[in-house]
Amino acid sequence: MKACRAVKISDNVCWVGAIDWDIRNFHGYSTGRGTTYNAYLIMAEKVTLVDAVKAPFREELLARIRSVIEPEKIDYIISNHSEMDHTGCLPAMIDLVKPEKVFASKKGVEALEAHFGLKDITAVEDGGEIDLGNMKVTCLETRLLHWPDSMVSYLAEDKVLFSQDGFGMHLASNERFDDELDDYVLYHEASKYFANILLLYSHIAGKVIKRIEESGLEIETIAPDHGPVWRSKIPWIIDLYKKWSARELKRKAIIVYDSMWDSTRMMARAIEDGLTEGGVHVKVLNATASGRAEVVTELIDAGALIVGSPTLNNQIFPTVADILTYIKGLKPKGLVGASFGSYGWSGEAVRLLNAWLEDMKIELVGEGVRINYVPKANDLERCRQLGLDVAKRIEDLPDPLIVTTVCT
Ligand code: FEO
């Protein structure tokens, strides 16, 4: 671990995190580009570690700290978020470092005790300050963003916001800063992270950003717990967070489906034709090929969700049920939707899909298209018409390409 070194991110702060090149599944979220677990060292009179890393990466964290200072010289640890990717090695770090104090939010104190039996954690009030001698850290609670314990902390001397999961992304890289990475990758991974982790709490994200802006904190660096440190594209990522929080939807539709013998796939493609003809940008996502995280990522700005499933043993297809369960939990707001599917004999899938969509407060366009066995020309025409009908319902939404404008 001698090769692991800290990276200076501001006058008094170093990144001392760990890079996880291998992870491909983060509690059900596909992480094709791996991730990082970021931790930061504030070189104040009271040397302070902000967050830690997942348990197996403790040696990497220690090696990076040792490239700056012996870990035993750390005085304080601030735990902004108690999820185990940031606290897994915290008990071992406390044993080794024996810090004078460990700080967390009030809910964080409860969570750290519940997870690890840690006691003697000092609770920081919302808006409270931690005195590091020659510097101060201010803590702001961000409850439910995305755990009840979550808070962010701010080092005024360096204008650094330690934002825990907020503004993060699952992206393993040796590049530590936003301006060292491709804009497309930044957009894709940041939007994927927001959609899969923060979508359910998007209304809270909007309020937190407003609070930070109104508090007048000057921010030159955003140091999240995953992915690159933001130093050059802060207005861009904040603007994207505002848009995603406000659910600014676009003239874009997602068709999610699965198929047993190609009939439902043929229907999906005919619906795609109708949507395209109606001027809508379409993503056709096979549930088996795409997986839940990819589907939800596309939903971050889509105005319509159209779901197709064959009937299997009187039910919807399991891969489609998986994705619907996942989407339902994240509660995307403002969508219109529709359903379709082929069947052999009983044919419950479309009725069940409509029930799912209505339960998710998705406004249905029509009753759905349900066809027996293999679609004929007139069946496919009904599908195309469904696509046109959905397109008509979202025709006033803006073009999605505006969102992907690069940040440079
Ligand atoms: Fe990166 Fe909510 O943990």
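The values are calculated or read from the model by the stated rules, or taken from the named source; none is laboratory data. Since we're looking at a predicted model, the values are computed, not measured. Note that each Cβ is placed from the backbone with ideal geometry, even for glycine, and that neighbours are counted across all protein chains shown. For accessibility, only protein heavy atoms count, side chains too; no ligands or nucleic acids. Shrake-Rupley method; radii C 1.70, N 1.55, O 1.52, S 1.80 Å.
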- With the convex hull built on the alpha-carbon atoms of the range 332-408, volume per residue in Å³ sits at 121 Å³
- Hey, if you put +1 on the Cβ of every Lys and Arg and -1 on every Asp and Glu Cβ in the chain, which of 291, 21, 48 ends up farthest toward the positive end of that dipole? 291
- Lys pairs, the range 250-392 - Cα-Cα below 28 angstrom, 8 or more residues apart or on other chains: 27
- With the Cα gyration tensor of the range 250-392 in hand, convert its eigenvalues to equivalent ellipsoid semi-axes via √(5λ) and list them largest first in whole Å. 20, 18, 13
- Quickly rank 101-108, 22-29, 309-316, 366-373 as a protection proxy: mean count of other C-beta atoms within 10 Å, highest first. 101-108, 309-316, 366-373, 22-29
- Normalised by the number of residues in the range 250-392, what is the relative contact order in percent for Cα pairs under 8 Å and 6+ residues apart? 31 percent
- Query: Solvent-accessible area per residue for the range 1-68 at a 1.4 Å probe radius, Å²?
  - Reply: 42 Å²
- Hey, can you rank 89-95, 130-136, 385-391 by average C-beta count inside 10 Å, highest first? 385-391, 89-95, 130-136
- Message: Quick check: with the 1.4 Å probe, what order do 191, 215 take by accessible area, largest first?
- Response: 215, 191
- Could you work out the equivalent-ellipsoid semi-axes for the chain, taking the square root of 5 times each eigenvalue of the Cα gyration tensor, largest first, in whole Å? 46, 21, 18
- Considering only protein heavy atoms and a 1.4 Å probe, what is the carbon-and-sulfur percentage of the accessible area of the range 55-126? 49 percent
- Sorting 199, 217 by accessible area (1.4 Å probe), largest first, what list results? 217, 199
- Message: Just want to confirm a number: the relative contact order over the range 7-245, from Cα pairs under 8 angstrom separated by 6+ residues, in percent.
- Response: 18 percent
- At q = 0.23, 0.31 Å⁻¹, what log₁₀ I(q)/I(0) does a Debye calculation on the Cα points of the range 82-129 give, no solvent, two decimals? -0.84, -1.28
- So what's Rg/Rh here for the range 22-120, counting alpha carbon atoms and using the Kirkwood radius for Rh? 0.98
- Message: At 1.4 Å probe size, with the rest of the protein present, what percent of the exposed accessible area of the range 250-392 is carbon and sulfur atoms?
- Response: 52 percent
- Task: Calculate, in whole percent, how much of the Cα-Cα pair population of the range 7-245 lies beyond 28 Å.
- Result: 22 percent
- Protein-only accessible surface order, largest first, of 225, 120 at 1.4 Å: 120, 225
- Message: Tell me the per residue accessible area of the range 279-344 using a 1.4 Å probe; a whole number in Å² is fine.
- Response: 33 Å²
- Using the alpha-carbon atoms, what tilt in degrees (0 to 90, nearest 10) does helix 106-116 show relative to the longest principal axis of the chain? 90 degrees
- With -39,500 (n - 2.57) per DSSP H segment of 4 or more residues and division by the full residue count of the chain, the 222 nm estimate, nearest 500 deg cm²/dmol, is -10000 deg cm²/dmol
